[in-house]
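Trainee: Sharing a structure, written as structure tokens. Questions coming.
Just so it is clear, none of the values below were taken in a lab; they were calculated from the coordinates. Everything quoted here is computed from the prediction, not taken from an experiment. Positions of Cβ are backbone-derived with ideal geometry, glycine not excepted, and every protein chain shown enters the neighbour counts.
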Amino acid sequence: DTGVSQNPRHKITKRGQNVTFRCDPISEHNRLYWYRQTLGQGPEFLTYFQNEAQLEKSRLLSDRFSAERPKGSFSTLEIQRTEQGDSAMYLCASSLEERVQFFGPGTRLTVL
Amino acid sequence: QKEVEQNSGPLSVPEGAIASLNCTYSDRGSQSFFWYRQYSGKSPELIMSIYSNGDKEDGRFTAQLNKASQYVSLLIRDSQPSDSATYLCAVAHNTDKLIFGTGTRLQVFP
């Protein structure tokens with residue numbers, strides 16, 4: 001499968017715990033994006049990378065959220081001290097330069 | 001005013017009919033426009049991209065863009081029950097982060 005992959009696909013955690021998600025983009029894509037989607041809403045932009053550089057972060061991204069892409073390949077998104085409001089689908093997308101973005105299957109987070 | 005607006009639907013059309021989905025956006029500086037299809041519980045799947053005024057056709061799908069009116073639409077010809085999904089309109093500004101509408105739910109009934 002040469003598409004965008006995300007792990008885990010589902011995560012259930014208790015409030016206050018830390019969670020980390022991984023995204024592997026399409027191999028030749030240099031841009032990687034994170035979005036969050038809640039029920040009945042469209043995806044909301046969180047942050048994006050060009051190679052290993054994080055170029056933009058949304059104001060939605062509180063200081064409990066951090067993303068990395070250390071070698072310009074896969075990326076991780078960590079949420080510290082999770083809250084019930086963090087429950088959502090976390091989507092990763094990748095693109096080649098400014099071209100269309102292709103989404104991975106998403107990680108569904110449930111915070112109890 | 002939301003940056004990207006769509007009617008949430010549901011839009012119900014009979015099998016074989018044309019489904020027309022509409023989207024308006026507020027930022028005149030928007031440069032790229034996309035339609036994604038999203039089945040329940042799945043991630044968005046790209047249907048069409050359009051960058052200049054006019055129509056763009058791909059199979060049963062036609063995207064239409066009118067930058068003066070800040071309007072983009074998607075027509076689905078010969079609608080099939082398998083087209084039943086939520087259709088997300090997305091707009092990119094000078095950076096290429098996507099701003100999504102809330103989506104229009106399409107139901108195609110046999």
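Trainee: Quick check of the Kirkwood formula: for the protein assembly as shown, what is the inverse mean of 1/r over all pairs of different Cα atoms, in Å? If you can, show how the numbers build up before the last one.
Mentor: Details: mean 1/r = 0.0556 Å⁻¹.
That comes to 18.0 Å for the protein assembly as shown.
Trainee: Let me ask something else about it. Check the straight Cα-Cα distances from B:Lys56 and name the lysines below 17 Å, setting aside those fewer than 8 residues away within the same chain.
Mentor: List returned: B:Lys67.
Trainee: May I ask you to list the trypsin sites (Lys or Arg not before Pro) in segment B:1-54 that are in a DSSP loop and have at most 11 other Cβ atoms within 10 Å of their Cβ?
Mentor: Working: sites: B:Lys2, B:Arg28, B:Arg37, B:Lys42; in loops: B:Lys2, B:Arg28, B:Lys42.
Of the trypsin sites (Lys or Arg not before Pro), the ones in loops of segment B:1-54 whose Cβ has at most 11 other Cβ atoms within 10 Å are B:Arg28.
Trainee: Do any GluC sites (Glu not before Pro) in segment A:10-112 lie in a DSSP loop with no more than 14 other beta carbon atoms within 10 Å, and if so, which? Show your work: numbers first, answer last.
Mentor: On the way: sites: A:Glu28, A:Glu44, A:Glu52, A:Glu56, A:Glu68, A:Glu78, A:Glu83, A:Glu97, A:Glu98; in loops: A:Glu28, A:Glu52, A:Glu83, A:Glu97, A:Glu98.
Qualifying residues, ordered by number: A:Glu28, A:Glu52, A:Glu83, A:Glu97, A:Glu98.
Trainee: Same structure, new question: What is the ratio of the Cα radius of gyration of chain B to 2.2 N^0.38 Å, with N the residue count, to two decimals?
Mentor: Working: Rg = 13.2 Å, N = 110, 2.2 N^0.38 = 13.1 Å.
Cα Rg divided by the expected 2.2 N^0.38 Å: 1.01.
Trainee: Of B:Phe100, B:Phe33, B:Phe61, which has the largest mean-square fluctuation in a 10 Å C-alpha GNM of chain B?
Mentor: B:Phe61
Trainee: Å³ per residue of the Cα convex hull, for chain A? Before the final figure, lay out each step's value.
Mentor: Values: hull volume 10.7 nm³, N = 112.
Dividing the Cα hull volume of chain A by its residue count gives 96 Å³.
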